Amino acid sequence: QMWEEAIALGKELAEQYENEMFDYEQLSELLRKQAQFYENIVKVIRPKPDYFAVGYYGQGFPTFIRNKVFIYRGKEYERREDFEARLLTQFPNAEKMKTTSPPGDDIKNSSGQYIQCFTVKPKLDLPSKFHRPVSEQIVSFYRVNEVQRFEYSRPVRKGEKNPDNEFANMWIERTIYVTAYKLPGILRWFEVKSVFMVEISPLENAIETMQLTNDKINNMVQQHLNDPNLPINPLSMLLNGIVDPAVMGGFANYEKAFFTEKYMHEHPEDHDKIEKLKDLIAWQIPFLAEGIRIHGEKVTEALRPFHERMEACFRQLKDKVEKQYGVRAVLSSLDDRRGSRPRSMVRSFTMPSSSRPLSVASVSSISSDSTPSRPGSDGFVLEPLLPKKMHSRSQDKLDKDDLDKDKKEKKKEKRNSKHQEIFDKEFKSTDISLQQSEAVILSETISPLRPQRPKSQVINVISSERRFSVSPSPPSSQVTPPPITPRTKLTSSIQSNLELNGMSSSDIPDVPPPLPLKGSMADYGNLMESQDLISPTTSPPAHQRVSP
């Protein structure tokens, strides 16, 4: 269950899989395992093993453990009695020492075997990456792992004994043990390399005790907030031991010992420490309030009277502490403690791409009916992405643009339909003219030496093409067949229409009418309006000449 160590090794493997071996299948499986490890760290409660200091004294032990002290890591839920029994099975002739103080030279130099065993407390040494407060579930691992310093506290009385208040002269003699390596390591026990001792004054001991009590309440509250299925009995015992005056020794004894004029006059240097102790007492009230609230939500009907008595005791305690030491307040839920992203921002980032808006106005229209934002943990409120008034203006503008666009589309369709109608009318008039003028179609054989088309004919053809595409609508009277006279203009129009439709003069049957007199040979399909534009070529055959 040392998932933190597994994650560190997994990161090394991930670097190899990703950048050296390019084995993405193994990488994906490894990352899934790491994700599970992170989830276990937060959700799974791991048992905390105890650590024991064991001293082997006497000349009867082997040299590698003789007169030395070792720190052992016990098994899960292993008590000190069980550990001692397991230890004495290895040395059946050893004698267990009754005291925890260091032995004298007579025991160390004796020929027998003496074993001293007592419980030590690991000293938390957080890694440097935890530069801000983090969850207790994360820190709890480092309270019993990766530890190298251990302490053992032994009470010592100095001065006269006070029967009314034993805390006034209760000093703490604290022994610090430093091992050769951090525990746990390759072994479950390591030799102690250095030992030193410090003394804790009664006031300092009171401050530490209050700090530990507050941390214990806060940690248990966090555990119940993270996991509502935890049993309620440990919380009940902890709260009742602090709140109920019949059980509590608590800070009432500290008030009698340290918050007096006599102590302040004798120890003026402890003024800051007394203020710190008062602050810790005041901070205990909001922690207790949150714990009692959770206890009231989870308590059964059988324990309801017990909870009501605990609430009554807490109300009295709260009134007293707030009156003397002030009021403190903490955030009541994990959601407020962590903070959250406003809903409007969540919507804009998590919307699928198919329905994601193209403009800010559409985002505002989506979130205008609902709450635009939610206050964050710092107390400020994010405004909506766009004010409602501005949105209505932009929406009206969009509607107006849509109406203008529809009008333009209708005009375009009307114009196209008008052009189509003109085009149909032109073709209809052309068909009628063709049907009426079938009697004046030429059947002359075209000369192989065809001359270049005159400019006037090219202009006529171009003008007829323009008339089909962009000419204005002709009046309704032109739907009737055009007149036969003058003959030159009619035949020119017929010829241009035939050429546009891909027809040649040889494809048309029947005998043509008599042609006008020509001065020189030319293409009979190219009828000229003036004799000056006709270029002389070879003379035509005699049977093709027709007198006027």
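Go through 128, 101 and list them by solvent-accessible area, largest first, probe radius 1.4 Å.
Correct descending sequence by accessible area is 128, 101.
Mind running the shape call on segment 212-278? Use the C-alpha gyration tensor, a ≥ b ≥ c as the square roots of the eigenvalues: rounded below 1.5 for a/c, prolate if a/b tops b/c, oblate otherwise.
Oblate, since a/c reaches 1.5 and b/c is not below a/b.
Based on the Kirkwood radius over alpha-carbon pairs, what value in µm²/s does the Stokes-Einstein equation return for the translational diffusion coefficient of segment 52-127 at 25 °C and 0.890 mPa s?
The diffusion coefficient I find is 185 µm²/s.
How would segment 3-43 be classified by its alpha-carbon gyration tensor: rounded, prolate or oblate, with rounded meaning a/c under 1.5 and the a/b versus b/c comparison settling the rest?
It is oblate, given that a/c is not under 1.5 and a/b is not larger than b/c.
Over the alpha-carbon set of segment 229-326, divide Rg by the Kirkwood Rh and report the Rg/Rh ratio to two decimals.
With Rg and the Kirkwood Rh in hand, the quotient comes to 1.07.
Would you mind classifying segment 16-67 by shape? Square roots of the alpha carbon gyration tensor eigenvalues, ordered a ≥ b ≥ c; an a/c under 1.5 is rounded, otherwise it is prolate if a/b is larger than b/c and oblate if not.
Oblate shape, in that a/c is at least 1.5 and b/c is the bigger or equal ratio.
Could you do me a favour and compute the accessible area per residue for segment 3-43, 1.4 Å probe, result in Å²? Each step should come with its number before you reach the end.
Numbers: 3000 Å² over 41 residues.
I get 73 Å² per residue for this part.
Over segment 3-43, what percent of the accessible surface lies on carbon and sulfur atoms, probe 1.4 Å?
The computed percentage sits at 53.
First compute the accessible area of segment 173-261 with a 1.4 Å probe, then give the percent of it belonging to carbon and sulfur atoms.
Using a 1.4 Å probe with all protein chains present, segment 173-261 comes out at 56 percent carbon and sulfur.
Could you work out the Kirkwood radius for segment 46-200, taking every pair of different alpha carbons, averaging 1/r and inverting it, reported in Å?
Kirkwood hydrodynamic radius for segment 46-200: 17.4 Å.
Can you give me the accessible area per residue for segment 202-332, using a 1.4 Å probe, in Å²?
Using a 1.4 Å probe on heavy atoms only, each residue of segment 202-332 averages 54 Å².
The values are calculated or read from the model by the stated rules, or taken from the named source; none is laboratory data. Worth saying up front: this structure is predicted, and the values here are computed from it rather than measured. Accessible surface areas use protein heavy atoms only, side chains included; no ligands, DNA or RNA. Shrake-Rupley method; radii C 1.70, N 1.55, O 1.52, S 1.80 Å.
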